[in-house]
Amino acid sequence: MLKAVDLPDSMKAAVLTEPFEIVIEDRPVPEIGPDEVLIKVMAVGVCGSDVHYYETGRIGRYVVEKPIILGHECAGVVAAVGDSVTRFKVGDRVAVEPGVTCGTCEYCKQGRYNLCPDVKFLATPPFDGAFVQYFKHRQDFVFHIPEHLTFEEAALIEPFSVGIHAATRANVRPGATVVIFGLGPVGLMAVIAARAFGANEIIAVDLEEIRLESAKKLGATLVINARTHDALKEILDFTGRRGVDVAIEAAGHPKTLQDALACLRRGGKMLVVGLPTQDSIPFNVPEIVDKEVDIYGVFRYANTYPKGIEILSSGIADVKPLITGKFTLEQTAQALEEARVNKAKHIKIMVYPNGM
């Protein structure tokens, strides 16, 4: 194993011990296997899933049953490489795709490895995440980033990948009209994905002005505040009652799910990204049939990181202003609490395990 000369024996980790309780612990620096690299973590985004685990200790069937390290949107520097690693050397700047799959099941072999039943996903119980100074990862889920891409931007490749996967599933083409409901980090990054795939008109819908303004700066054609306007009416009026080609629902709310279906043109496509709190939502089935719409579930992503790095590296959009809060590793509890209680103020909060 080749390692950096200054690699310590121990490190700091922010550990969720119970809901609302984060403890900073000393942990051994992981020993890596032959095909793994050790990542010195430079930036980690706080995701909504992190906040859910912090609040309730569970998301659906994923339950925190023992102390866990959260955080999965991350980037850093290679600190050590295993004996079989050929793609990386110590000092390389990298983005990390958080889900390591088996590579042998039918889904992996089909290229739909996001559906792998044996995936080991950072910060998804029982697997630890990236609110830590160092962690190990298999080399095929680690990607070089160019010097001009910041670690914060590289960490945003993770939510960007969801938008890219949605646009890919919908086969967004040049000239398309796309609407995005819900402008959290995934929805905002989906605006960029729609632009990169050639969409001509991009409509963005949310309740918070900070997110609507961000969508406009990232390239949205029309922004609609659903708190003060009838979003469905505005979308249909904007499209001359034709409807949109693609609707991406990233809010996870019954009303926006229903509006996403209702605003589609005949033969349009609906992408379900957001997860509502309830499992069952009523839909207008005759409308689905009459319009012959396609409805796609979007679960994470597959084969998106190279494209995501390429797109963000191109300068298509300035995503740096999306970082609205910065915290040290020791302040991880404050970062999670800020993300939980000040949703109207923040878009993306970053934690810096090895200093800002």
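The values are calculated or read from the model by the stated rules, or taken from the named source; none is laboratory data. Fair warning: this is a prediction, and the values are worked out from it, not measured in the lab. Cβ atoms come from the backbone with ideal geometry, glycine included; neighbour counts cover every protein chain shown. Note: areas computed on protein heavy atoms with side chains; ligands, DNA, RNA excluded. Shrake-Rupley method; radii C 1.70, N 1.55, O 1.52, S 1.80 Å.
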Open item on the list: If you average the C-alpha positions of the range 109-177 and of the range 218-249 separately, how far apart do those two centres end up, in angstrom?
Closed with: 28 Å
Task: For the range 205-356, diffusion coefficient by Stokes-Einstein and Kirkwood Rh (Cα), 25 °C, 0.890 mPa s, µm²/s - done: 137 µm²/s
Task: Size of electric dipole in the range 126-241: Cβ of Lys, Arg +1 and of Asp, Glu -1, about Cα centre, debye, nearest 20 - done: 340 debye
Task: Counting all C-alpha pairs of the range 248-337, share separated by more than 18 Å (%) - done: 64 percent
Open item on the list: Please report the antiparallel percentage of the DSSP beta bridges confined to the chain, to the nearest 5.
Closed with: 60 percent
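Considering only protein heavy atoms, what per residue accessible area in square angstrom results for the range 14-114 with a 1.4 angstrom probe? Before the final figure, lay out each step's value.
On the way: 4450 Å² over 101 residues.
Value returned for the range 14-114: 44 Å² of accessible area per residue.
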Task: q = 0.16, 0.20 Å⁻¹, the range 1-149: log10 I(q)/I(0) [Debye, one scatterer per Cα] - done: -0.91, -1.28
Task: Whole-percent carbon and sulfur share, accessible surface of the chain, 1.4 Å - done: 51 percent
TODO: Kindly give Rg over Rh for the chain, based on alpha-carbon atoms, with the Kirkwood expression for the hydrodynamic radius.
DONE: 0.98
Task: Accessible surface, the range 148-256, averaged per residue in Å² (probe 1.4 Å) - done: 36 Å²
Task: Ellipticity estimate at 222 nm from DSSP helix runs (n ≥ 4, -39,500 (n - 2.57)) divided over the chain, nearest 500 - done: -7500 deg cm²/dmol
Task: Extension gain, residue 283 back to residue 106 (0.36 nm per residue minus Cα-Cα distance, nm) - done: 60.5 nm
Open item on the list: Can you give me the orientation-averaged projected area of the convex hull built on the Cα atoms of the range 313-356, in nm²?
Closed with: 3.7 nm²
Task: Relative contact order of the range 142-274, defined on C-alpha pairs under 8 angstrom at six or more residues apart (%) - done: 23 percent
